[in-house]
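I have placed the structure first, in the form of structure tokens, so that the comments after it can refer back to it.
Taken together, the values in this text are just the output of simple stated rules run on the coordinates, not laboratory data. In this text the structure is predicted, and so the values were computed from the model without any measurement. All Cβ positions, glycine included, derive from the backbone under ideal geometry; neighbour counts span all protein chains shown.
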Amino acid sequence: MGVTFAQDPKGPHSTDVAPDTTLEQIEDGGGSVGGPADEDVGVGDRPESQAPARVDLNEPERRLLGDLFAIVSEHAADSAVQIDRDRVQDAFVFACEQHAAQRRKSGEDFIVHPVGVARICAGMRLDTETLSAALLHDTVEDTSASIEEVRARFGEEIAAIVDGVTKLTGITFQSNDQAQAENYRKMMVAMATDMRVIVIKLADRLHNMRTIDAMPKQKQMEKARETLEIYAPLAHRLGIHAIKWELEDLAFATLHPRKYQEIKGLVAQQRDDRERYVSAAGDYLTGELAELGIEAQIAGRAKHFYSIYSKMTRKGREFNEIYDLTAMRVIVDSVKDCYGTVGVIHSLWKPLPGRFKDFIAMPKFNMYQSLHTTVIGPEGRPLEIQIRTHEMHEMAEFGVAAHWVYKQRPGR
Ligand code: MN
């Protein structure tokens with residue numbers, strides 16, 4: 001995605017959290033898209049101990065499992081969660097058997113879908129139980145497998161998650177009414193006693209939206225609307241912005257393809273200029289911070305087409321009126337460095353009144369934390385800056401999922 005920019009940070013959807021990576025990039029290992037799997041996790045040459053070869057997996061199945069484990073490997077070093085590959089593989093084998101005869105609308109083997117969902121979960125560094133349940137999430141709903149069978153083979157914890165996802169799938173949303181949508185979201189949260197159920201449900205929708213082209217047009221429109229009304233707000237509520245942004249942009253592209261292309265084109269036109277600007281301002285800031293012993297990672301911020309579009313529509317503004325702010329993110333090691341950094345920034349560049357927000361001392365409802373400020377940057381251009389620690393950044397991207405991994409996993 002490169003260096004890109006977000007717009008005015010205020011608004012009903014709090015569009016002030018813009019991740020600079022998409023889940024897709026995370027799954028591909030930060031955008032290093034190479035082969036299907038990186039060198040030490042290719043299925044063919046994996047050591048027996050990592051994933052014992054099973055006679056009953058055919059070549060495409062082995063490749064799918066290898067792709068999933070490649071993502072697990074990417075995060076093995078930086079995650080507190082250790083994935084039990086044997087158990088995940090067992091869930092994969094069971095899912096392959098159960099979905100054996102099924103095809104997706106696209107003609108692909110059905111198993112591609114649960115693996116896609118598990119990959120999204122692995123990208124969020126979720127645990128063995130979540131990855132297993134993601135692989136199994138459609139078995140009880142769509143195949144002859146029973147929840148008792150799942151419980152007997154995979155245990156109570158995984159069965160409870162699968163059961164939760166199955167039950168959520170059973171309730172459907174039909175109204176276009178806002179209050180109804182809100183009730184439906186609340187009901188989903190209430191029904192899921194385990195947050196991992198909702199995370200799988202969101203990953204399920206995300207994978208379906210990524211592959212929505214195979215659906216009939218009418219169905220595409222329905223799914224896209226439901227995604228905007230139910231799933232993206234749900235992801236926002238749980239602080240899982242990495243999923244929220246992608247869901248919104250996929251739904252936007254489906255509902256308004258011409259507008260989507262238009263905004264995408266306009267964003268692309270200005271990209272070089274903005275990348276150059278942020279890079280120059282960032283280099284300067286990095287040097288000033290280094291003198292104070294503050295180590296910082298500075299990047300531009302990703303654009304999200306739907307948030308630009310909804311702001312244009314809501315406020316009746318032109319693209320350039322909305323998209324005139326350049327945005328930068330500074331990631332540092334400690335809370336103390338966050339405050340030190342904003343001090344340096346305000347001494348280098350004049351802050352705009354009323355734009356400094358301390359979401360570290362006062363986090364948002366979805367646990368989002370950062371310092372926000374807007375300054376008159378180099379060349380007299382307004383520059384919107386977010387400052388946060390690495391851990392806050394994880395929270396901003398993965399919300400309850402990150403929280404869950406950090407706070408509840410160790411020792412389990
Ligand atoms: Mn599904």
Have a look at the DSSP beta bridges in the stretch 263-397 and tell me what percent are antiparallel, nearest 5. 65 percent
Based on other C-beta atoms within 10 Å, arrange Ser310, Ser144 from fewest to most. Ser144, Ser310
What's the whole-number percent of alpha carbon pairs in the stretch 263-397 lying beyond 24 angstrom? 32 percent
Determine, from the Cβ-Cβ distance of Ser334 and Ala77 and an R0 of 22 Å, the FRET efficiency 1/(1 + (r/R0)^6), rounded to the nearest 0.05. 0.55
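Does the stretch 201-281 come out rounded, prolate or oblate, given a ≥ b ≥ c as the square roots of the eigenvalues of its C-alpha gyration tensor, rounded meaning a/c under 1.5 and, failing that, prolate meaning a/b above b/c?
Oblate.
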Based on the Kirkwood radius over alpha-carbon pairs, what is the Stokes-Einstein translational diffusion coefficient of the stretch 175-320 at 25 °C with 0.890 mPa s viscosity, in µm²/s? 139 µm²/s
Using only Cα atoms, figure out Rg for the stretch 333-397 and give it as a multiple of 2.2 N^0.38 Å. 1.12
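Using r as the Cβ-Cβ distance of Met221 and Glu291, and R0 as 45 Å, what FRET efficiency do you calculate, to the nearest 0.05?
0.25
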